[in-house]
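Undergrad: Here's a structure for you.
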Amino acid sequence: MRLPSGLVLFVFLASHLLNHAAGLVSLDVMERGLGLFILVWEKQPGLTLLAAAFAVHIANALASIWQRRSFRLKGWQAAQLGLGLAVPILLAAHVFGTVIAYEVFGVGTPYRYVLARLWVEGGGTGALAQALLVLVAWGHGCIGLHYWLRLKPWYSRALPYLYAAALLLPALALAGFVSAGMQVSALAAQPGWMEALYRANKLTPEARAFAENGALWTRLAILAVVLAAFAGPVARMLLARRDGPKLYYRDSRVLDIIPGATALEIIRAAGIPQAMVCGGRGRCSTCRVRIGTGGEHLPPPSPEEARVLQRIGAPEGVRLACQIRPVRDLEVTPLLPPNATAREGFHGPGHRHGQEREVAVMFADLRGFTQLSEHRLPYDVVFLLNRYFAAMGQSIEEAGGQVDKFIGDGVMALFGVESGRDAGSRQALDAARRMAARLAELNQALASDLKEPLRMGIGLHVGPAIIGEMGYGGVKGLTAVGDTVNTASRLEGLCKTYTAELVVSQDLIDHAGADLSAFRIERVAIRGRGNDLSIRIVPEIADLPV
Ligand code: FES
């Protein structure tokens, strides 16, 4: 319920900020916008939806505090919690002064009236508090949205635009708020204007006292409830038995099991870094652990956990640390490094840590580049290579493959890591076509700089390979090793022998379901392989059938 209620509140806030931004045009436009805003949010069913979302969101936050077994929070979690708890406290005066005062005393709440109270009567303090409320609520909402959306594969592409919108909207809203506040302050300088405004909007001494007292008591009540919610976990932590059941972490640490705590909370309470991109909400799978001895005492996964485990193709014995609450001795081993990203959470547990898969492998090399670079300035060589790499990299990615590495003036790419052998074979052929077309474009663009056009040779093969994340430090990435990789590299070398742009194994052609019977076939011996390999020789990639 946290997500839908949060989304309703976020939409409400965004529409309110848009309304504030109208103050940059004029007070009248702002008032007209308010009419629409009231129609949506302060009449039925909008009002009920908003009130329900607010109640659910707060109740959810309090319940999650109450259920906590550890207060080791990541920075963003602490910021989101702190800002979220500050919202109702800052909001109390505004709600009592507007919506509730209207419901109880019929106090009118046009922008002029609210701005006069904030900017003129409060001497600017009220306006400052209101601006703070906007920033706090918006910041809380944006953090929540960010940590929800970053689990979506498209999010990193949309992030710059969303980030710009997240900054622009409150900036415009605050500018509109200040502009309208100054307009109202100018009006208030006219003798009798404030009194007439208060009279017209039925601000009586009773209504004023009611709103002020209501806000004060509400703030005190919220503080009391928040303190009570924190008392639960603190008491549980103090009562945790030292001689109770243990969590055996990665064969090296023995942790006390805190009653009712999730394995993730226990691990983090012990100060051990553990990946948890979604903050323990069972969505990202980065907290996944392999369960050892004691797993038989765990209840089976809930439908939500089972769905996430199924999505990543988790084998038996893998669970989400944030979803299991051990009560007996239990052995767990984390499967992702503490700095795992949301992207890593999308992948199954296997192939990052080493798995044999059938993949299509491509090696591509630029022909004659050594001679080409001999009489050029280093700057020109780097420029040329980077344009070539960009063109090849884009072609590979557009076809659905992934660049494994650039080696000198060559490229190695993998296809079908996720989609499988047959799709990967089709993608590899498609990538070869795209690369040849891009190289032709590049040759055209650089015609005046090149003595002769750039040429390339591509080798393609499909078969089993060991896939895994390999490397050291920052130079670490998903790659493949094994006979298939060596063979693809060897086929690329044969391009020179046959003066061809592409040498592709018949295996790959068969898996792609392609017909390359028009091209010459050969059987070649590949070092390290027992049998000869059938290959097709394609002099010009542009002649490949589509
Ligand atoms: S922390 Fe995201 S699924 Fe457990």
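Undergrad: What about ALA59, is it touching a helix residue (DSSP H, G or I) at 6+ places or on another chain (Cβ under 8 Å), modelled with pLDDT of 90 or more and aliphatic (A, V, I, L, M)? Break it down stepwise before answering.
TA: Numbers: touching a helix residue (DSSP H, G or I) at 6+ places or on another chain (Cβ under 8 Å): no; modelled with pLDDT of 90 or more: yes; aliphatic (A, V, I, L, M): yes.
In short, no.
Undergrad: If you don't mind, there's one more thing I want to ask. Which helices (runs of 4 or more DSSP H) does segment 364-481 wholly contain that include 1 or more residues that are touching a strand residue (DSSP E or B) at 6+ places or on another chain (Cβ under 7 Å) and hydroxyl-bearing (Ser, Thr, Tyr)?
TA: 378-399, 421-445
Undergrad: Let me ask you something else. Identify the single condition in (1) of a type outside the set (Asp, Glu); (2) within 19 Å of the chain's Cα centre (by Cα); (3) modelled with pLDDT under 75 that HIS353 does not satisfy, given that it satisfies every other one.
TA: With (1) of a type outside the set (Asp, Glu); (2) within 19 Å of the chain's Cα centre (by Cα); (3) modelled with pLDDT under 75 applied to HIS353, the lone miss is (2).
Undergrad: If you don't mind, there's one more thing I want to ask. Determine which single condition PRO299 fails, assuming it passes every other condition in (1) of a type outside the set (Lys, Arg); (2) farther than 22 Å from HIS146 by Cβ; (3) within 13 Å of the ligand (Cβ to nearest atom).
TA: Failing condition for PRO299: (3).
Undergrad: Regarding ALA263, is this residue surrounded by 22 or more Cβ atoms within 10 Å (Cβ to Cβ) and modelled with pLDDT of 85 or more? Before you say what the answer is, go through the steps one by one.
TA: Details: surrounded by 22 or more Cβ atoms within 10 Å (Cβ to Cβ): yes; modelled with pLDDT of 85 or more: yes.
For ALA263, the condition - surrounded by 22 or more Cβ atoms within 10 Å (Cβ to Cβ) and modelled with pLDDT of 85 or more - is met.
Undergrad: Continuing with this model, one more query. Could you please give the count of residues in segment 137-161 that are in a helix (DSSP H, G or I) and either basic (Lys, Arg) or more than 12 Å from the chain's Cα centre (by Cα) (or both)? First the steps, then the outcome.
TA: Here is the first cut: in segment 137-161, the residues in a helix (DSSP H, G or I) are 137-149, 155-161.
This time we only want the ones that are either basic (Lys, Arg) or more than 12 Å from the chain's Cα centre (by Cα) (or both), so: 137-142, 157, 160-161.
Count: 9.
Undergrad: Here's something else I'd like to know. Within segment 314-330, track down each residue that is open to solvent by less than 50 Å² (accessible area, probe 1.4 Å) and in contact with a strand residue (DSSP E or B) (Cβ under 9 Å, 6 or more places away or on another chain). Working first, answer last.
TA: Our first condition is that a residue be open to solvent by less than 50 Å² (accessible area, probe 1.4 Å); within segment 314-330, this holds for 314, 317-322, 324, 326, 330.
Passing the criteria: ALA314, GLY317, VAL318, ARG319, LEU320, ALA321, ILE324, PRO326, LEU330.
Undergrad: GLY477: farther than 27 Å from LEU439 by Cα, open to solvent by less than 50 Å² (accessible area, probe 1.4 Å) and within 39 Å of the chain's Cα centre (by Cα), yes or no? Before the answer, list the steps.
TA: Values: farther than 27 Å from LEU439 by Cα: no; open to solvent by less than 50 Å² (accessible area, probe 1.4 Å): yes; within 39 Å of the chain's Cα centre (by Cα): yes.
So GLY477 fails the test.
Undergrad: Search segment 11-31 for residues that are touching a residue at least 40 places away in the same chain (Cβ under 8 Å) and pair each with any residue that is not in a helix (DSSP H, G or I) when their beta-carbon atoms are under 9 Å apart and the residues are at least 6 apart or on different chains.
TA: What qualifies is GLU31/PRO110.
Undergrad: Read through the list (1) surrounded by fewer than 16 Cβ atoms within 10 Å (Cβ to Cβ); (2) in contact (Cβ under 8 Å) with a residue 12 or more places away in the chain; (3) within 30 Å of the chain's Cα centre (by Cα), then give the number of the only condition that ALA55 fails.
TA: (2)
Undergrad: Kindly provide the set of residues from segment 298-307 that are surrounded by 14 or more Cβ atoms within 10 Å (Cβ to Cβ) and in contact with a helix residue (DSSP H, G or I) (Cβ under 9 Å, 6 or more places away or on another chain), ordered by number.
TA: Within segment 298-307, PRO301 is the sole residue that qualifies.
Undergrad: I'd like the full set of residues that are more than 10 Å from the ligand (Cβ to nearest atom) and either among the aromatic types (Phe, Trp, Tyr) or over 15 Å from GLU296 (Cα atoms) (or both), limited to segment 313-335.
TA: Selection gives GLY313, ALA314, PRO315, THR333, PRO334, LEU335.
Undergrad: Applying the selection to segment 250-289, what residues are away from the ligand (no atom under 16 Å from the Cβ) and touching a helix residue (DSSP H, G or I) at 6+ places or on another chain (Cβ under 7 Å)? Steps first, please.
TA: Initially, segment 250-289 is screened for residues away from the ligand (no atom under 16 Å from the Cβ), giving 250-260, 270-271.
Within segment 250-289, LEU255, ILE257, ILE258, PRO259, GLY260 qualify.
The values are calculated or read from the model by the stated rules, or taken from the named source; none is laboratory data. This structure is a prediction, so every number in the text was calculated from the model and none was measured. As a convention, Cβ positions derive from the backbone with ideal geometry for all residues, glycine included, and neighbour counts pool all protein chains shown. Ligands, DNA and RNA are excluded from the accessible area calculation, which covers all protein heavy atoms including side chains. Shrake-Rupley method; radii C 1.70, N 1.55, O 1.52, S 1.80 Å.
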